[in-house]
Each structure stands twice: as C-alpha cells, then as structure tokens.
Amino acid sequence: TAMRKKGRLRGAALLAIGVLIAVCIGGCVICQVWPMVGRCVIADNGSCLLVQGNSPICLSNREKDLSAGLETGDRIVALIRGVIAESYPGQAGAKVVIRMSRGTVEDVSPEVLAELENLGWWTPPEE
C-alpha cells in the first residue's frame, strides 16, 4: 500500500542519513581533524591563540600565516589537526582559521590575558 511505501522510503532516508553521519564522524576520527570555536589572541610573536573558556591553545601551520587578518578578541573557528599538547598554553596544528565575527580585547577572558601577559606571550594594547 501507499502508506507502507512512504514508511519504507522514510526509513531508508533515515538510514542513509545515519550512515552519512557515521561516515563523517568516522572520517573526523580517522583524520583527527575537528573544529574548535573560541576567541582569538594575537601573541607578541605573531602567533594565533584560540581561547576556549579559560584554555588558550597556540595554533600552528608551517604553510600558512594563521593570524593574517585577525585581531585579538575576534570569534574564530579553527580546524584542529591531530592532538593538543598539554603544555600551557596548549599547542595544536591547525589546517585553517576563519573569523566568524569581529571582537575586541574585552571579549577575551581577563584571567587568560593576565596569565599570557605574565608568561610573556601577550602585551596589553596601549590606551
């Protein structure tokens, strides 16, 4: 009947979507690439740090300048490659960093900025 065909089509569509999601997630796990969203801090040495909550991560890419066009406080998404080193700040390779929206220094956790300043990673802008 028509109802059974609709039910089978719906079930097949849901199965296909589930398989697609599983393949995408599996691909991310196999390739070890995943997105992270946070605030950008441009370090004194020009490095791009992604701050998620109170955890800064120094992003690196041997082929690209990840901080080009970014400013401290911008909301960014980074495609992280591999594992994040458990140093402070953390360190990770990134395929790409994209600005989602502009921001200011005030958008970054003051505690993180103070820690980065004490460690010599960041100097507050002059007012």
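The values are calculated or read from the model by the stated rules, or taken from the named source; none is laboratory data. Being a predicted model, the structure only gives us computed values, none of them experimental. No Cβ is skipped: glycine too gets one built from the backbone with ideal geometry, and neighbour counts run over all protein chains shown. Only protein heavy atoms, including side chains, enter the accessible area calculation; ligands, DNA and RNA are left aside. Shrake-Rupley method; radii C 1.70, N 1.55, O 1.52, S 1.80 Å.
Is it true that some residue in the stretch 70-80 is of a type in the set (D, E, K, R) and in contact with a Ser or Thr (Cβ under 6 Å, 6 or more places away or on another chain)?
Let us first name the residues in the stretch 70-80 that are of a type in the set (D, E, K, R), namely 71, 74-75.
Now narrow it down to the ones that are in contact with a Ser or Thr (Cβ under 6 Å, 6 or more places away or on another chain): 75.
Yes: one or more hits.
Hey, can you tell me all the residues within the stretch 103-120 that are farther than 12 Å from ALA43 by Cβ and surrounded by fewer than 16 Cβ atoms within 10 Å (Cβ to Cβ)?
Across the stretch 103-120, the qualifying residues are THR104, VAL105, GLU106, ASP107, PRO110, GLU111, ALA114, ASN118.
When you check CYS48 against the structure, is it open to solvent by less than 10 Å² (accessible area, probe 1.4 Å) and under 14 Å from the mean Cα position of the chain (by Cα), yes or no?
So CYS48 passes the test.
Of all residues in the stretch 75-98, which are touching a Lys or Arg at 6+ places or on another chain (Cβ under 7 Å) and open to solvent by 20 Å² or more (accessible area, probe 1.4 Å)?
ARG75, LEU79, ARG81, LYS95
Go through (1) within 10 Å of PRO56 (Cβ to Cβ); (2) among the small types (Gly, Ala, Ser); (3) more than 15 Å from the chain's Cα centre (by Cα) and name the single condition ALA114 misses.
Evaluating ALA114 over (1) within 10 Å of PRO56 (Cβ to Cβ); (2) among the small types (Gly, Ala, Ser); (3) more than 15 Å from the chain's Cα centre (by Cα) leaves (1) as the failure.
Could you figure out which of (1) in a strand (DSSP E or B); (2) more than 17 Å from the chain's Cα centre (by Cα) isn't true of VAL96?
It fails just one condition, (2).
Filter the stretch 56-68 for residues that are touching a residue at least 24 places away in the same chain (Cβ under 8 Å) and open to solvent by 60 Å² or more (accessible area, probe 1.4 Å); which is nearest to ASP107 (Cα to Cα)?
In this case the residue turns out to be SER60.
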